[in-house]
1. For residue B:7, indicate whether it is acidic (Asp, Glu) and within 13 Å of chain A (Cβ to nearest Cβ).
2. Mind listing whichever residues of segment A:40-69 are at the interface with chain B (Cβ under 8 Å from one of its Cβ atoms) and acidic (Asp, Glu)?
3. Report whether or not residue B:65 is more than 20 Å from the chain's Cα centre (by Cα) and in a helix (DSSP H, G or I).
4. Tally time: how many residues in segment B:29-51 are more than 10 Å from chain A (Cβ to nearest Cβ), in a helix (DSSP H, G or I) and not hydrophobic (A, V, I, L, M, F, W, C)?
5. Check whether at least one residue in segment B:18-28 is part of a loop (DSSP other than H, G, I, E, B) and either free of Cβ contacts under 8 Å to residues at least 12 places away in the same chain or at the interface with chain A (Cβ under 8 Å from one of its Cβ atoms) (or both), and report yes or no.
6. If you check residue B:74 against the conditions, is it of a type in the set (Gly, Ala, Ser), more than 18 Å from residue A:51 (Cβ to Cβ) and surrounded by 11 or more Cβ atoms within 10 Å (Cβ to Cβ)?
7. Testing residue B:56 on (1) more than 9 Å from chain A (Cβ to nearest Cβ); (2) more than 20 Å from residue A:59 (Cβ to Cβ); (3) surrounded by 15 or more Cβ atoms within 10 Å (Cβ to Cβ); (4) not aliphatic (A, V, I, L, M), one condition comes back false. Which one is that?
8. Looking at segment A:29-53 only, could you name the residues that are polar (S, T, N, Q) and at pLDDT below 95?
Amino acid sequence: MPLGRLFLRTSTVNRMVSRNSFIASKPDPSKPNMLRVGLAFGSTAVLWALLFKQHSTDLHEYKTRNGLE
Amino acid sequence: MGLLPDEAKVLPPPGIVNRNSVWFGLCGWATAMLHNSLNRRPALKAGVHRQALFITIGWFIGYHLTKFENYKYATLDRDMNEYIRLHPEQFPEKAPKTFAEIVEPFHPIR
């Protein structure tokens, strides 16, 4: 099959990647995408919780291995 | 500890606030502020969720980087001390010299 024929499928994918100028809009800062904001804050909280848990686990491991507890 | 072997657990863990965490957190914050200014938004007041997320990611990476750095330096120290212990002839104890023996005679030119 010529290589060009293999690329014909990309027009179906490209529809999702590019934006139709008739329906596209500028990003509006007065209407935040609350899902994205929620996900950002949620993952921030999850990362901090993971960090603190990892730190306390490491501290406990260090103390038990050196016989300090 | 994902990339660290089991023996690294004998080392004391770094504090939550450590050099690498603070630096990477600041870098993440600078990235978020740069992203704001490149999109013509107020640098500090816009996208606070993005700033918080980037600071947190930087802090997290910095903490694990500090742990990795501590382990690497500890292995280097252990290998160095082991070498010194196995080759004492290369590390003789020298008698300490006083300053009077080291310093050259003083000839003032007044």
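1. So residue B:7 fits the description; yes.
2. A:58, A:61
3. no
4. Looking only at that region, the number is 4.
5. Within segment B:18-28 (the criterion being part of a loop (DSSP other than H, G, I, E, B) and either free of Cβ contacts under 8 Å to residues at least 12 places away in the same chain or at the interface with chain A (Cβ under 8 Å from one of its Cβ atoms) (or both)), the answer is no, since none of the residues qualifies.
6. When the stated conditions are applied, residue B:74 passes them.
7. (1)
8. Scanning segment A:29-53 gives A:30, A:33.
The values are calculated or read from the model by the stated rules, or taken from the named source; none is laboratory data. Being a predicted model, the structure only gives us computed values, none of them experimental. Neighbour counts run over all protein chains shown; Cβ positions are idealised from the backbone, glycine included.
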